[in-house]
Amino acid sequence: MALGGGGPRSALQAAGQEGAGQVFNARVVRRMLVYVWPYRWRVLGGTALMLLVTAATLLAPYLTKLAIDQAITVGDGALLNTLAVLLTATFLVQFAASAGQRYLLGWVGQRALTDVRADLFRHLQALSMAYFDTQIVGVVVSRVINDVATISDLLSQGLIQLLGDGLILIGIIVVMLSLDWQLALLTFLVLPLMLVATRLFSRRARVAFRETRSTVAAVVGDLAEDIAGMRVIQAFAQEGVSRARFERVNNANRHATIEATSLSFVFLPSVEFLGVLATGIVLWFGGRAVVSDQLTLGVLVAFLAYVSRFFQPIQELSQLQTTLQSAMAGGEQVVRLLETRPLVVDQPGAGAMPRIAGRITFDHVSFAYRPDTPTVLHDVSLEIAPGRVVALVGPTGAGKTSLASLILRLYDATAGAVRIDDVDVRSVTQHSLRAQTGVVSQDSFLFAGTVAENLRFARPAATLAELTAAARTANAHEFILNLPHGYDTPILEGGANFSLGQRQLLCIARALLADPRILILDEATAHVDTVTETLIQEALTRLLAGRTTVVIAHRLSTIQNADLICVVSGGRIVEQGRHAELVRLGGLYRTLHDRQFVDLADTTRASRWVNTTPGEKVKPKVRGGGE
């Protein structure tokens, strides 16, 4: 499959080269608020509790002021008791409302996070194979797990906290101005310094947190790729190279994270310092005013309480700024993924594919995987009769897999049309088409789960009798019974606890149970021993009965009895016919055939002798498979 252009590595590099983005992306917030809307009543409940917390926060210092000025200083014990009870009740209400708010909004945040991830997963399933051709698993996983997690706090706590802290700030300013406007204005002298510090922090944090999100994706992507390729890494003794590459991306993530957290470590103490400075201003000027009887002690105490509370929401807002920066960086990636349009979509009004008889028609089909890649199929026309076995052979990269992929509509033809039973595959729903097709490939993929669950993958409701019948037909029943738990034996990730031949037999049984009308065999007997190949060939013979089958083959011995053999080269069908006809034709098929099936007489004439030791000559070994 020739894709051209960028690949997984380029995608991994691109993950670390994202732009600085925006401080606040309203489009991201609007898109994410859609996931909060179903839980709006809980959000409203949390908002009401937040207003209660705000009121209690503003009321407590004022009650303290009343207790000092109107009860303690005049010796009114009854009023002091009343105010003490009110103050205690205020703190209890503040505690209960704060706990309730956090629970409700945390509940909403987790539900929204789950919904976003579920939506992303559904969207990934709808994306065309062309998307996955240019992505690596780890980066996509990072989008679904890490980037979504960054916006959860913003959705659940951040926006409500922003509103609550804003109201507290406004309330404190109003109360302080009403108590003593001159002392209040002196206190607010530190605000310009606060604005400058916040602006500087925001500008640098925007870049730092996007770099953090990018490097996290790169770490996950590199880790996933190396784990998947561990067999190759160890086989070629490249542990050191892989380790060095991972250390580079890991260190890049460490540097980015340190840079982002260092900004917070500088900014938060700056806010605390300005809070201490404001407290000092209140103590100095307010204390002198109390001494000169221009201000009551209760007002001074209330001012000190309000000043401490004034900078507390500012600190929380600065921390929210950190959450906001990280959420915007992650949210932009999530929205970008959600807005990635699949290249293969159901047309408006597309109907269900009728039961397939099996006629396949390629009508002047041309195809390129992406607009920026070369055309891999050129004006291909082919008619496959129902129930026939058609083999596609040719050099690697000739376009065989591309032809098979177009039948399944994993991609859409760039020009021309692919028809099944004279129905353009683009005019029916993808699900109804693929529900009647099946694939057995050389990469026999099994899901983590039991043997029975894997066999029932396409038919979850299949009975045990149907299950065992399919396994018997696929020559898999005997070895399944010898497993520790029979059909309930767990399959490790990638089928690691099964041999290649066993995995292939299970895939054939899975296809048999699905009962497809059209079957694609992509070199289903490659890389197995001759004994297992015999079992697989017997199973395939039963599987092919009554179905239209397209066989992609490199090992020509497996397709000599095909009803039609198509030789593909350079994206075109250059020869077609039965085995004997193509051998007599003396074209590309004959060349491929002779490479694999050279008799001893022809070898003497057509091959070089290779000297091994003086006086001894050995003929080259005949290749039994591959190209």
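Quick note: the coordinates plus some simple rules give every number you see, no bench work behind them. From a predicted model like this one, the values you see are computed outputs, not experimental measurements. Don't worry about glycine lacking a Cβ; one is built from the backbone with ideal geometry, like all the others, and counts go over all protein chains shown.
Descriptive notes on the structure:
- Take every DSSP beta bridge whose two residues both sit in the chain; close to 55 percent of them are antiparallel.
- Among 124-131, 411-418, the peptide with the highest mean count of other Cβ atoms within 10 Å heads the list, and the full ranking is 411-418, 124-131.
- Net charge of the neighbourhood of Ser270, taken over other residues with C-beta under 14 Å away and scored Lys/Arg +1, Asp/Glu -1, is +1.
- Packing rank of 214-220, 49-55, 281-287, where each peptide gets the mean count of other beta carbons within 10 Å, highest leading: 214-220, 49-55, 281-287
- Inter-label distance, Phe479 to Leu338: 4.6 nm, where each label sits 7 Å from its Cα along the C-beta direction.
- Peptides 175-184, 299-308, ordered by how many other C-beta atoms sit within 10 Å of their residues on average, highest first, read 299-308, 175-184.
- Taking max minus min of the alpha-carbon positions on each principal axis, the chain gives extents of 122, 60, 51 Å, largest first.
- Those chymotrypsin sites (Phe, Trp or Tyr not before Pro) in segment 462-503 that DSSP places in a loop and that have at most 14 other beta carbons within 10 Å: none
- Farthest towards the positive end of the charge dipole of the chain, among the residues Thr73, Ala26, Tyr39, is the Cα of Ala26, using unit charges on the Cβ of Lys, Arg, Asp and Glu.
- Using R0 = 56 Å, the C-beta based FRET efficiency linking Asp372 and Glu453 works out to 0.90.
- Where trypsin sites (Lys or Arg not before Pro) in DSSP loops with at most 12 other Cβ within 10 Å are excluded, longest remaining stretch of the chain: 1-354
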